[in-house]
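**Student:** Take a look at the following structure, please.
The values are calculated or read from the model by the stated rules, or taken from the named source; none is laboratory data. The model shown is predicted, which means the values in this text are computed figures rather than measured ones. When we count neighbours, we look across all protein chains shown, and the Cβ atoms used for this are built from the backbone with ideal geometry, even at glycine.
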């Protein structure tokens, strides 16, 4: 049965659900308080948990499912007209004091290809990347191509409720009626939406990044250092360096001190960057959650309001699998993975360290 879905939030979490619903023949409208995709364009697009052996199974389950789906997902989006620049370039892990034997044993146990380059360097050949700005453009293009509607700069301030169900989303004097509503508010999902309880334990976490111009390096794969620094080369020759993890609320500004530290760290990791200055810097707000585990579930107070948020650093990696899991639940299909770790109740039981 075809139903009308109204998605609040036009980042990767909201757009990927819209894309999945439209491919199931549903009617979809996406509203965002800014331009669609603006909340998701700032990331590096590394399609893997950075050190997967350090994460809980709930993170890796969704992330690995997403990684397996990404080649076909990227190809399907490209057929809609925009190439997200999926590139299986591999990732080198640099870690002083890393227990390489334990990490490699974990990789063998989980069928995750890995090799050892040296005592403190591992090689993960299957790690891929894509470009976030191109991804959100591709998803927006696909949503419109498949018959969906996107409403930019439309701030939803409340949901009109009746008999335990949402009947309309309110934006100023405008009212949008739908059968089902999805709250994909990203970093804002931990705030109250009208009278609706916020997603538990979700808050914004800032990340600052640098961009270097073509000609500043010869790197052809991702490099990740144990302290959180990564370098991500693009096919056009640009290079990203990032990223910080800062609990500063909704401040999405950059700070000269941290950008200087990032530049110095990038030069230490890749000396050929010395003598080159970044050509651009920016910051983004991630939808932070304890242990990077998202909430993909029905809102406990309302029959037809669903939630997809809290993916923290791995929203892009998880997008194909997370959107599929939510759509399966909303359409009454059998979930392809156990949804319990991503439930509202499970999120209530997690806390920030």
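**Student:** Name the residue that is modelled with the lowest pLDDT, counting only residues in region 323-353 that are under 19 Å from residue 198 (Cβ atoms) and touching a strand residue (DSSP E or B) at 6+ places or on another chain (Cβ under 9 Å).
**Tutor:** 352
**Student:** Give all pairs with beta carbons closer than 9 Å in which a residue from region 168-197 that is at positive phi and at pLDDT below 90 meets a residue that is surrounded by fewer than 20 Cβ atoms within 10 Å (Cβ to Cβ) and not in a loop (DSSP other than H, G, I, E, B); count only pairs at least 6 apart in sequence or on separate chains.
**Tutor:** From region 168-197, the pairs are 194/158; 194/160; 194/161; 194/170.
**Student:** Out of 22, 77, I need the residue that is farther than 22 Å from residue 158 by Cα, surrounded by 19 or more Cβ atoms within 10 Å (Cβ to Cβ), at pLDDT 95 or above and more than 15 Å from the chain's Cα centre (by Cα). Which one?
**Tutor:** Among 22, 77, only 22 is farther than 22 Å from residue 158 by Cα, surrounded by 19 or more Cβ atoms within 10 Å (Cβ to Cβ), at pLDDT 95 or above and more than 15 Å from the chain's Cα centre (by Cα).
**Student:** Right, here's the next one. Scan region 124-162 for residues that are part of a loop (DSSP other than H, G, I, E, B) and over 22 Å from the mean Cα position of the chain (by Cα) and jot them down.
**Tutor:** Those that are part of a loop (DSSP other than H, G, I, E, B) and over 22 Å from the mean Cα position of the chain (by Cα): 146, 147, 157.
**Student:** Inside region 31-43, can you point out the residues that are buried (at least 23 other Cβ atoms within 10 Å of the Cβ), touching a strand residue (DSSP E or B) at 6+ places or on another chain (Cβ under 9 Å) and within 30 Å of residue 234 (Cα to Cα)?
**Tutor:** Across region 31-43, the qualifying residues are 32, 36, 39, 40, 43.
**Student:** Scan region 9-53 for residues that are assigned to a strand (DSSP E or B) and closer than 18 Å to residue 288 by Cα and jot them down.
**Tutor:** 46, 47
**Student:** Can you report the number of residues in region 197-216 which are surrounded by fewer than 19 Cβ atoms within 10 Å (Cβ to Cβ) and either under 24 Å from residue 94 (Cβ atoms) or in contact with a strand residue (DSSP E or B) (Cβ under 8 Å, 6 or more places away or on another chain) (or both)?
**Tutor:** 4
**Student:** Can you pull out every residue in region 154-172 that is more than 28 Å from residue 38 (Cβ to Cβ) and either touching a helix residue (DSSP H, G or I) at 6+ places or on another chain (Cβ under 7 Å) or surrounded by 11 or more Cβ atoms within 10 Å (Cβ to Cβ) (or both)?
**Tutor:** 161, 165, 167
**Student:** Quick one: count up the residues across region 90-109 that are closer than 20 Å to residue 226 by Cβ and either free of Cβ contacts under 8 Å to residues at least 40 places away in the same chain or in a loop (DSSP other than H, G, I, E, B) (or both).
**Tutor:** 10
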